[in-house]
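Report on the following structure.
All of the numbers you see were taken from the coordinates with simple rules; none came from a lab. Only a predicted model underlies this, so the values are computations on that prediction, with no experimental measurement involved. Note that each Cβ is placed from the backbone with ideal geometry, even for glycine, and that neighbours are counted across all protein chains shown.
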Amino acid sequence: MKKRKFIEKGFTLVELMVVVIIVGILASVAVPIYRANIKKAMASEGAALLGSVLTAQRIYYAENNTYTTTKTNLGVDTLGNKYFTDYTVSSADANGFTATTSGTGAAAGVTVTMTYTNAAGATISYSGL
């Protein structure tokens, strides 16, 4: 008489729990990194806005031989922006200017600052990322 061997197929509960634990550890590492990258992507809109301010300031400088703190003189349109809808020019003279924009909505707490001098060019810094 022949004995039949039954081969069990499938996974044990222990094997499934090990996989669940590994997936949980990977998710706990990946989620904060993902959120940081989302904030950096939002901050790029602020950098683009300050790039428009830089262009407008250069045009104003070509006509007036100085930079301005008055936004109406620059005419930068922020209508299409989702997170960075306003900016300020805190200081301006014949040598350069400093412009700042702060995020709103999901980008609240993110601030992008551009410092421009004729000698060194533009430097952009981020805070709140």
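So the values come out like this:
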{"item": "Computed [θ] at 222 nm, deg cm²/dmol, the chain (DSSP H ≥ 4; -39,500 (n - 2.57); rounded to nearest 500)", "result": "-15500 deg cm²/dmol"}
{"item": "Contact order normalised by residue count of the chain, Cα under 8 Å, 6+ apart, percent", "result": "19 percent"}
{"item": "Centre separation in Å (Cα based) which lies between the range 7-50 and the range 91-129", "result": "32 Å"}
{"item": "Electrostatic dipole magnitude of the range 16-127 [Cβ: Lys, Arg +1; Asp, Glu -1; Cα centre; debye, to 20]", "result": "340 debye"}
{"item": "Most positive-pole-ward Cα, T88, A106, T12, against dipole of the chain from beta carbon charges", "result": "T12"}
{"item": "Helix 13-64 vs. the chain, principal-axis angle (Cα, 0 to 90°, nearest 10)", "result": "10 degrees"}
{"item": "Of (1) -0.53, -0.75, -1.13, -1.20; (2) -0.33, -0.65, -1.47, -1.67; (3) -0.34, -0.65, -1.36, -1.50, the label for log10 I(q)/I(0) by the Debye sum over Cα atoms at q = 0.11, 0.15, 0.21, 0.22 Å⁻¹ derived from the coordinates", "result": "(1)"}
